[in-house]
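First the structure, in the form of structure tokens, and then the observations on it.
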């Protein structure tokens with residue numbers, strides 16, 4: 001939200017922990033869930049603690065469009081209808097959503113696609 005008269009935007013909360021996951025080795029196009037424990041902390045190199053809330057999400061996708069949803073999958077074959085379509089680069093401020101997000105799901109278009117995700121998580 002912009003501050004009246006100053007024409008500036010309030011800062012985006014990106015979380016205290018930055019973490020990364022490379023999904024290139026996932027060789028299918030099923031839906032898969034991700035939570036904080038699946039990511040590696042970019043500072044320590046260790047796995048992130050389980051149960052952290054996503055604050056920010058960035059995706060690079062070197063393949064055809066993929067899909068993301070801000071909740072867990074129901075089954076691996078969930079449809080992509082009404083889900084977020086991701087092109088080559090995508091980012092979103094999840095900390096500004098009405099509900100907290102602790103699990104996301106992704107579906108690559110092709111198992112050979114090179115996909116990486118950078119996430120910001122809140123510290124406990």
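Derivation of every value follows stated rules applied to the coordinates shown; laboratory data play no part. This is a predicted model, so every value here is computed, not measured. Positions of Cβ are backbone-derived with ideal geometry, glycine not excepted, and every protein chain shown enters the neighbour counts.
Worth pointing out:
- The simple spin-label model puts a point 7 Å past each Cα toward its Cβ; for residue 44 and residue 28 those points are separated by 3.1 nm.
- Residue order, fewest to most surrounding Cβ atoms within 10 angstrom, among 100, 83, 55: 100, 83, 55
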